[in-house]
């Protein structure tokens with residue numbers, strides 16, 4: 001498929017609509033059911049690419065180029081108004097996303113401030129566990145721990161933006177892709193999840209550059225030839241986006257590897273453990 005840069009000498013003959021048409025492709029993108037949407041703004045806050053805004057009381061995709069189609073925002077909607085569909089749309093443009101985020105950071109719109117206030121006012125009503133304040137009872141200690149527990153970590157760095165898929169500890173390894181919060185929620189994280197695995201950690205809600213993550217997962221599968229991939233996520237709606245990133249990276253890869261996902265409750269219990 002040719003790109004816009006390949007036809008620059010001829011652009012003066014085209015209208016802007018025709019130029020945009022050349023950049024369109026069939027891909028996954030968010031669709032919002034306006035009949036179900038209440039304009040609560042939860043999805044706006046959950047979208048790390050700032051692709052969504054509340055306009056005239058309804059959430060809307062500002063521009064197709066800002067939406068990566070991974071759906072991290074879907075679980076934040078209390079009304080089930082969001083879904084992923086496949087349609088003709090402008091290609092996702094990470095550079096334009098960065099420009100938009102910088103612009104919003106320098107001068108946040110009045111609408112965005114209103115959305116944040118709405119979300120704050122309704123936080124308790126929507127009950128979203130990723131942001132809701134909770135206090136747990138002190139857990140009962142079954143047995144006394146004797147001595148120090150050794151770390152099972154066998155590499156550095158661990159954050160997804162910093163890791164190098166070509167590092168020797170990823171070659172042919174069993175890899176754990178873990179949401180940041182899992183290590184703090186699950187008490188036996190090192191013994192049960194990390195032991196004899198190489199690791200990468202990420203937050204699907206707050207991290208930027210998800211396309212980079214997808215390419216790194218693809219590289220781990222194709223170039224590092226990893227043996228298995230385990231994805232550990234929390235039982236909060238936005239965390240499912242990490243599993244989506246792993247599945248998209250695996251879909252783009254030429255090799256196939258077994259993928260297991262583990263869902264951990266916010267009080268540290270394992271709710272689900274399945275191979276895809």
Report, by residue number, each residue of the range 224-262 that is over 22 Å from residue 185 (Cα atoms) and either in the same structural domain as residue 84 (by TED's automatic domain parsing) or in a loop (DSSP other than H, G, I, E, B) (or both). 224, 225, 226, 227, 253, 254, 255, 256, 257, 258
Going through the range 12-40 one residue at a time, which ones are assigned to a loop (DSSP other than H, G, I, E, B) and at pLDDT 75 or above? 33, 34, 35, 36, 37, 38, 39, 40
Kindly check whether there is at least one residue in the range 84-104 that is exposed (fewer than 15 other Cβ atoms within 10 Å of the Cβ) and either at pLDDT below 65 or within 28 Å of residue 267 (Cα to Cα) (or both). no
Which ones in the range 54-97 are assigned to a helix (DSSP H, G or I) and either touching a residue at least 40 places away in the same chain (Cβ under 8 Å) or in contact with a strand residue (DSSP E or B) (Cβ under 6 Å, 6 or more places away or on another chain) (or both)? 64, 65, 74, 75, 76, 94, 97
From the option list 78, 9, single residue qualifying as surrounded by fewer than 21 Cβ atoms within 10 Å (Cβ to Cβ), at pLDDT below 85 and either in the same structural domain as residue 240 (by TED's automatic domain parsing) or under 19 Å from the mean Cα position of the chain (by Cα) (or both) is 78
Whichever residue in the range 133-186 is closer than 17 Å to residue 264 by Cα and part of a loop (DSSP other than H, G, I, E, B) and, among such residues, is modelled with the lowest pLDDT: 139
Out of 214, 221, 201, which single residue is part of a strand (DSSP E or B), within 21 Å of the chain's Cα centre (by Cα) and either closer than 13 Å to residue 154 by Cα or in contact (Cβ under 8 Å) with a residue 24 or more places away in the chain (or both)? 201
Does residue 43 satisfy the criteria of being out of contact with any helix residue (DSSP H, G or I) (no Cβ under 7 Å at 6 or more places or on another chain) and either over 17 Å from residue 248 (Cβ atoms) or part of a strand (DSSP E or B) (or both)? no
Checked against (1) in contact (Cβ under 8 Å) with a residue 40 or more places away in the chain; (2) under 28 Å from residue 148 (Cα atoms), residue 239 satisfies every condition except (2)
Right, residue 232: in contact with a strand residue (DSSP E or B) (Cβ under 9 Å, 6 or more places away or on another chain), farther than 24 Å from residue 92 by Cβ, buried (at least 18 other Cβ atoms within 10 Å of the Cβ) and at pLDDT 95 or above or not? yes
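The values are calculated or read from the model by the stated rules, or taken from the named source; none is laboratory data. No experiment lies behind these values; they were computed from the predicted model shown. Positions of Cβ are generated from backbone atoms using ideal geometry, with glycine treated the same way; all protein chains shown enter the neighbour counts.
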